[in-house]
């Protein structure tokens, strides 16, 4: 099943690839790898802000991470000139969670992105990963995730 068909089956529409907010590019293609800059948590209503362990529950953080994964795929689609069938696999995600000093469920939060990518891509969505805490993130968002993807 194509990625487009699987997204449709899941009832998911990829957003437009977000524009960079500063002096950087949203992705860099080197050979068959796409390095995607950190994508911050946002949905149709705007930024998903808050601090895990204070303002947001793990489930809300996981949804914020899922939204980051949507933006990551949107950037990969853009890097592939609109052809997501060129995506071979997700190589690595690095997830940053805006959380209190005593919050220890960063992996559960970033699972929102990992689980989504596996649901969409199957085994090609399985990846290496880091999930770390941050005292704060840009614009007060809950989650930021960067990714490395292999393309054909």
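The values are calculated or read from the model by the stated rules, or taken from the named source; none is laboratory data. Every value quoted in this text rests on a predicted model; they were computed, and no experiment measured them. Heads up, the Cβs are rebuilt from the backbone with ideal geometry, glycines too, and the neighbour counts pull from every protein chain shown.
Inclusion of residue 90 among residues that are within 14 Å of residue 3 (Cα to Cα), in contact (Cβ under 8 Å) with a residue 40 or more places away in the chain, outside any loop (DSSP other than H, G, I, E, B) and touching a strand residue (DSSP E or B) at 6+ places or on another chain (Cβ under 8 Å) is warranted. Would you pick out the residues in region 72-87 that are crowded, with 23+ Cβ neighbours inside 10 Å and either within 17 Å of residue 137 (Cβ to Cβ) or free of Cβ contacts under 8 Å to residues at least 12 places away in the same chain (or both)? Correct list: 72 only.
Just for region 25-37: of the residues that are farther than 18 Å from residue 68 by Cα and assigned to a loop (DSSP other than H, G, I, E, B), which one is nearest to the chain's Cα centre (by Cα)? If you could, list the steps in order and put the result at the bottom.
Narrowing region 25-37 to residues farther than 18 Å from residue 68 by Cα: 29-33.
Narrowing the set further to residues that are assigned to a loop (DSSP other than H, G, I, E, B) leaves 31-32.
Values: 31: 22, 32: 19 Å.
Once the filter is applied, the top-ranked residue is 32.
Taking the listed residues 97, 109, 118, the one that is under 15 Å from residue 3 (Cα atoms) and modelled with pLDDT of 95 or more is 118, with no other qualifying. Inside region 50-66, residues that are buried (at least 19 other Cβ atoms within 10 Å of the Cβ), on the phi < 0 side of the Ramachandran plot and touching a residue at least 60 places away in the same chain (Cβ under 8 Å) make up a count of 6. Checked against the criterion of being in contact with a helix residue (DSSP H, G or I) (Cβ under 8 Å, 6 or more places away or on another chain), without any contact (Cβ under 8 Å) to a residue 40 or more places away in the chain and part of a strand (DSSP E or B), region 98-114 has no qualifying residue. Is region 123-136 home to any residue that is under 13 Å from the mean Cα position of the chain (by Cα), surrounded by fewer than 18 Cβ atoms within 10 Å (Cβ to Cβ) and closer than 19 Å to residue 1 by Cβ? So far as region 123-136 goes, no, none of its residues is under 13 Å from the mean Cα position of the chain (by Cα), surrounded by fewer than 18 Cβ atoms within 10 Å (Cβ to Cβ) and closer than 19 Å to residue 1 by Cβ.
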